[in-house]
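Some notes on the structure that comes next.
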Amino acid sequence: MRVEAIPLVRPSLGEQELAAVARVFSSGWPAGQGPSGKSLEADLAGRYGVADAVAVSNCGAALHLALLALGVTDGDEVIVADYTFPAPAHAVRYVGATPVFADVRPDTGTVDTRAVADLIGPRTVGVIAVDTLGLPADYHELNALTQRHGLFLIEDAACAIGATYQGRPAGALAPVACLSFHGRKGITSGEGGALLTTDPALAADARLRSSFGIGSIFDQAQIVGLPIPEFTEIGYNYKLSDIAAAILQVQLTRVEELLDRRRAVAAHYAHLLADEDLVTLPHVPDDRTHAWQSYLLTLHPDVDRAAIATQLRAHGIGCGHGTWASHRQPVYDSSQHCPVSADLARRNMAIPMHAELTPGQVERVAETLRTALHTHTRAGAA
């Protein structure tokens, strides 16, 4: 009998999103920075209470544009959270600057403010904090620290749509924030991102650079006559298509619905695995809420993670390693040491988390995982 597959991630897209795409097809403008893109940006700015939002092709593009607009350049250093997909460090390299990796808290995996403070030097110009896998970092302390030292602060909220910190939404916790709408995020258009900021001038700079440095072709097409664009910046093709923007307008209306379903999955896992000594469950401090992009377990040091993954996948259950200790990636050739991040990268494991999981599937994941844990752990560990 064929085993039903339980994927690690699955987007929640349906008829409403299809109808939105059909409307874009009928409009005749599927490209970027058109009517749907403008409407999405207005919706995002309103939702997050920021001065402006710039819809772009992905979160990496938003990070790159933010650093360009902030004037980061060769010789600068930017402190970045280490335990994450290394997009922040990549973006720092894009502008010729040097990423300096800050270790993270062992309980949350979010950047440790004390580690950031210890790394500030004469070449430091800013900090990129990361809302690790959907959990906001410590922004009260981070904002105070960066303001005291005259540094910029960027919130990488790629995983955290729907999360909160001290009652405020992730994406509005620093003067500049970047979102992702990748297929595994809480809301998605397959690919996509946005830059949110309290500074209208920074948003204008990012919007111009996102369209090759000539601004919106759609806007220029509305002018009577023959406007000839001038290239005022070395820009990039980072526009978000109006097709994707229309999908996201629908998804934004579903944030709470989809997040409630993820919360229910997380609560079910927590109940089923509460007595399992071979794993540590995710920790969420009382002053914030989790977006549950991913559900990461921290395995006991004596558990064979690779063997667990093999057994889960043999039973049709998706799983992953968690995320990266960025400083250990060969591309950076870093001599830094972030021991907490390195330990989490060795011991974390992601199990299925998305809004389409049923209670029965969650129970099957937990049962299969428990069996695997006790099969692939050195004697005496538990």
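The values are calculated or read from the model by the stated rules, or taken from the named source; none is laboratory data. Predicted model only: the values in this text are computed from it and were never measured. FYI the Cβ positions are ideal-geometry reconstructions off the backbone, even for glycines, and counts take in every protein chain you see. Surface areas here come from the heavy atoms of the whole protein model, side chains and all, with no ligands, DNA or RNA. Shrake-Rupley method; radii C 1.70, N 1.55, O 1.52, S 1.80 Å.
Figures for the structure shown
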{"quantity": "Percentage relative contact order, the range 188-238, counting C-alpha pairs under 8 Å, at least six apart", "calculated": "37"}
{"quantity": "Residue-averaged 222 nm ellipticity for the chain, from DSSP H runs of 4+ at -39500 (n - 2.57), nearest 500", "calculated": "-11500 deg cm²/dmol"}
{"quantity": "Spatial separation of Cα centroids for the range 117-173 and the range 63-109, in angstrom", "calculated": "12"}
{"quantity": "GNM flexibility winner over the chain from R148, R168, R313 (Cα, springs under 10 Å)", "calculated": "R148"}
{"quantity": "Heavy-atom surface of the range 140-207, accessible at 1.4 Å and reported per residue (Å²)", "calculated": "33"}
{"quantity": "Assigned charges on the beta-carbon of Lys, Arg, Asp, Glu; the range 281-362 dipole about Cα centre (debye)", "calculated": "180"}
{"quantity": "Gap separating the Cα centres of the range 316-333 and the range 265-309, nearest whole Å", "calculated": "17"}
{"quantity": "Rounded tilt (10° steps) of 59-69 against the dominant C-alpha axis of the chain", "calculated": "50"}
{"quantity": "Taking the chain and dividing mean pair separation by its residue count, relative contact order in percent (alpha carbons under 8 Å, at least six apart)", "calculated": "23"}
{"quantity": "Environment charge of A350, counting only residues whose C-beta is closer than 13 Å and scoring Lys/Arg +1, Asp/Glu -1", "calculated": "+4"}
{"quantity": "For the range 353-367, 3J(HN,Hα) per residue [Karplus equation, 6.51 cos²θ - 1.76 cosθ + 1.60, θ = phi - 60°, Hz, x = Gly/Pro]", "calculated": "8, 6, 6, 9, 5, 9, x, x, 5, 4, 5, 5, 4, 5, 5"}
{"quantity": "Accessible carbon and sulfur surface of the range 54-180 relative to its total accessible area, %, 1.4 Å", "calculated": "52"}
{"quantity": "Rounded to 10°, Cα long-axis angle of helix 35-48 versus longest principal axis of the chain", "calculated": "60"}
{"quantity": "Whole-Hz ³J(HN,Hα) from phi, Karplus 6.51 cos²θ - 1.76 cosθ + 1.60, for the range 135-150, glycine and proline x", "calculated": "10, x, 7, 8, 6, 4, 6, 5, 5, 5, 5, 5, 5, 4, 9, x"}
{"quantity": "Given 13 as the ceiling on other Cβ atoms within 10 Å, longest exposed-site-free region of the chain for GluC sites (Glu not before Pro) in DSSP loops", "calculated": "5-229"}
{"quantity": "For the range 295-363, with +1 on Lys and Arg beta carbons and -1 on Asp and Glu, the positive-most of M349, H300, W324 along the dipole", "calculated": "W324"}
{"quantity": "Prolate/oblate/rounded call for the chain, Cα gyration tensor, a/c under 1.5 rounded", "calculated": "oblate"}
{"quantity": "Cα-centred dipole magnitude for the chain, charges only on beta-carbon of K, R (+1) and D, E (-1), debye, nearest 20", "calculated": "640"}
{"quantity": "Relative contact order %, the range 8-136, counting alpha carbon pairs below 8 Å whose residues are six or more apart", "calculated": "19"}
{"quantity": "Vicinal HN-Hα couplings computed from phi for the range 228-241 (Karplus, 6.51 cos²θ - 1.76 cosθ + 1.60; Hz; Gly/Pro x)", "calculated": "10, x, 10, 7, 9, 9, 7, x, 9, 8, 10, 5, 8, 5"}
{"quantity": "Antiparallel content of DSSP bridges confined to the range 71-179, in %, to 5", "calculated": "20"}
{"quantity": "Given charges at beta-carbon only (K, R positive; D, E negative), |dipole| of the range 39-109 in Debye", "calculated": "120"}
{"quantity": "Solvent-accessible area per residue for the range 25-137 (1.4 angstrom probe, square angstrom)", "calculated": "33"}
{"quantity": "Share antiparallel - DSSP beta bridges, the chain, percent rounded to 5", "calculated": "60"}
{"quantity": "Share, in percent, of DSSP beta bridges within the range 1-154 that are antiparallel, nearest 5", "calculated": "15"}
{"quantity": "Rounded tilt (10° steps) of 200-209 against the dominant C-alpha axis of the chain", "calculated": "90"}
{"quantity": "Percent carbon-and-sulfur accessible area, the range 191-245, ignoring ligands, DNA and RNA, probe 1.4 Å", "calculated": "64"}
